[in-house]
1. When the stretch 83-107 is examined, which residues are found to be in contact (Cβ under 8 Å) with a residue 24 or more places away in the chain and surrounded by fewer than 20 Cβ atoms within 10 Å (Cβ to Cβ)?
2. Scan the stretch 111-125 residue by residue and report those that are over 14 Å from ALA72 (Cα atoms) and assigned to a loop (DSSP other than H, G, I, E, B).
3. Within the stretch 249-272, which residues are open to solvent by less than 10 Å² (accessible area, probe 1.4 Å) and within 19 Å of the chain's Cα centre (by Cα)?
4. Out of (1) more than 9 Å from the ligand (Cβ to nearest atom); (2) without any contact (Cβ under 8 Å) to a residue 60 or more places away in the chain; (3) touching a Phe, Trp or Tyr at 6+ places or on another chain (Cβ under 8 Å), the odd one out for LEU210 is which?
5. Sort through ALA33, ALA128, ALA107 and tell me the only one that's of a type in the set (Gly, Ala, Ser), at negative phi, modelled with pLDDT of 95 or more and assigned to a loop (DSSP other than H, G, I, E, B).
6. Based on this model, can you work out whether ALA246 counts as more than 16 Å from the ligand (Cβ to nearest atom), over 18 Å from the mean Cα position of the chain (by Cα) and without any contact (Cβ under 8 Å) to a residue 60 or more places away in the chain?
7. In this structure, does GLY428 turn out to be exposed (fewer than 15 other Cβ atoms within 10 Å of the Cβ) and either part of a helix (DSSP H, G or I) or touching a residue at least 24 places away in the same chain (Cβ under 8 Å) (or both)?
8. Return the total of residues in the stretch 74-112 being within 13 Å of the ligand (Cβ to nearest atom), of a type in the set (A, V, I, L, M) and touching a helix residue (DSSP H, G or I) at 6+ places or on another chain (Cβ under 6 Å).
Amino acid sequence: MRLMYGRMFQDALDGEHGLPRTRLAELERRFRAVQAEVRERRGSGEYGFYGLASQDDVVRQIRTFAEGVGQAYDHVLVLGIGGSALGTKALLGALRPPAWNELSDEARDFFPRLTILDNVDPTSVGPALRRIDPRRVLVNVISKSGGTAETMAQYLVIRAWLEQALGTAATRHLVFTTDPARGALRELAARESIATLDVPPGVGGRYSVLSPVGLLPAALVGIDIAGLVSGAGRAVERADAEELRANPPALYAALHWAADAQLGARVHVLMPYTDRLREFAEWYRQLWAESLGKRLDRRGAPVFAGPTPVGAVGATDQHSQVQLFMEGPFDKVVSFVTVDRLGEDVPIPARPELPPDLAYLPGHTLGELLHAEYAATAAALARMGRMSVTLRLAELSAASVGEAIMFFQLATGYAGAWYGVDPFDQPGVELAKRLTYAAMGRPGFTPETTRAPADEADAV
Ligand code: PA5
């Protein structure tokens, strides 16, 4: 994977916008302190996700499960939300053929179908259960805390559905991925001898895709999980560099922070040029948003920090959001992601009646057109004074996707240090949780203790 970052600088843009190149030297000087802080926090256990780059035993355990028990099912149903679901969606999108669940058994090499329910919307859950045969499903309930309302509500619905079809055998269709010691899910597993996998204690939800959270469902559908982990190892190795310029995730974080802090570029767009990374962009959005959007800094002072991440897909979004990126406010950095070898290409055929205006298309391939569109959009943005970087992947393999995942996790960890915030907590979601509990009648959470203004009065 290569990070191309020249288009962050004024001299590569319109000469007026972008970071002055001298800023890089300043960032390099400050990076020593950032690297030291990250190392220290890592030493005290805060950056637990680094450990996901070397976990041979876990990979072995998951593979054994997937190749043994896992083979008995033709559908895997994942219940989870946020960091317990988005990474798995990204892996499925990037590393399995499109429309996986619609393919025949042969086309899926007899690996199971995979449905990920990450909402409590009855219009998704109801139809999913009507499509799936409870006798042939393995349900993977994923919750690090083991008590998330959405996931637990899904569990109760699915448990009743399983029991209706299978009676007491329902527990054999369940596997929980949760904290090794704490939480309601762990308690239920112990009480009913349900198979469990551990989320490592120092790894938070949105940093957990390379833990059993994402690895189990990935292995069950035939994704090379050892490849994912080895790719992650490559990213961690490169993040060891002392020099900012030699440390891709640290450089990515530093440039994005500088663009935000110095130039007000607080919208950070991730725009892969392939449909296969659409869900990857959604995963990145949660990682960047929930990690960096904070009211308080590390010392407890109000900062209201946080860039706004936006997902886009090329070339589709050239006909949607790119007009805004090109001519709207100078408040964005676009991160393109390109893939050198997509693994498949489609030639554009000629036709005798083709009007001359379209004659330039035949003789090329769709892959060539897609790449030309990326190159043209990146160049056009630069000419308009808009900052961008490009992450160039050689291919969409387990190793390159694992490397890209770890790259963004490392970048987010570094960005936390640049912004001065804790990238591993999410205190901002607590109030809405308490209000939900109150609305659902959970003891101890009355509307009085969780007062919030009603908006019913001003509605038309
Ligand atoms: O990143 C996070 O920590 C969150 O998005 C969690 O993943 C999400 O809230 C789900 O939590 P849990 O896995 O505890 O059910």
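1. Hits for the stretch 83-107 are ARG96, PRO98, TRP100, ASP105.
2. ASP118, ASN119, VAL120, ASP121
3. If the condition is that a residue be open to solvent by less than 10 Å² (accessible area, probe 1.4 Å) and within 19 Å of the chain's Cα centre (by Cα), then PRO249, ALA250, TYR252, ALA253, HIS256, HIS268, VAL269, LEU270, MET271, PRO272 are the ones that fit.
4. Every listed condition holds for LEU210 apart from (2).
5. Within the list ALA33, ALA128, ALA107, the selection yields ALA107.
6. yes
7. Yes, satisfied.
8. Within the stretch 74-112, residues that are within 13 Å of the ligand (Cβ to nearest atom), of a type in the set (A, V, I, L, M) and touching a helix residue (DSSP H, G or I) at 6+ places or on another chain (Cβ under 6 Å) number 4.
The values are calculated or read from the model by the stated rules, or taken from the named source; none is laboratory data. All of these numbers come straight from a predicted model, not from anything done at the bench. With ideal geometry, Cβ positions are generated from the backbone for all residues, glycine too; neighbour counts draw on all protein chains shown. Accessible surface is based on the protein model in full, side chains and every heavy atom, while ligands, DNA and RNA are left aside. Shrake-Rupley method; radii C 1.70, N 1.55, O 1.52, S 1.80 Å.
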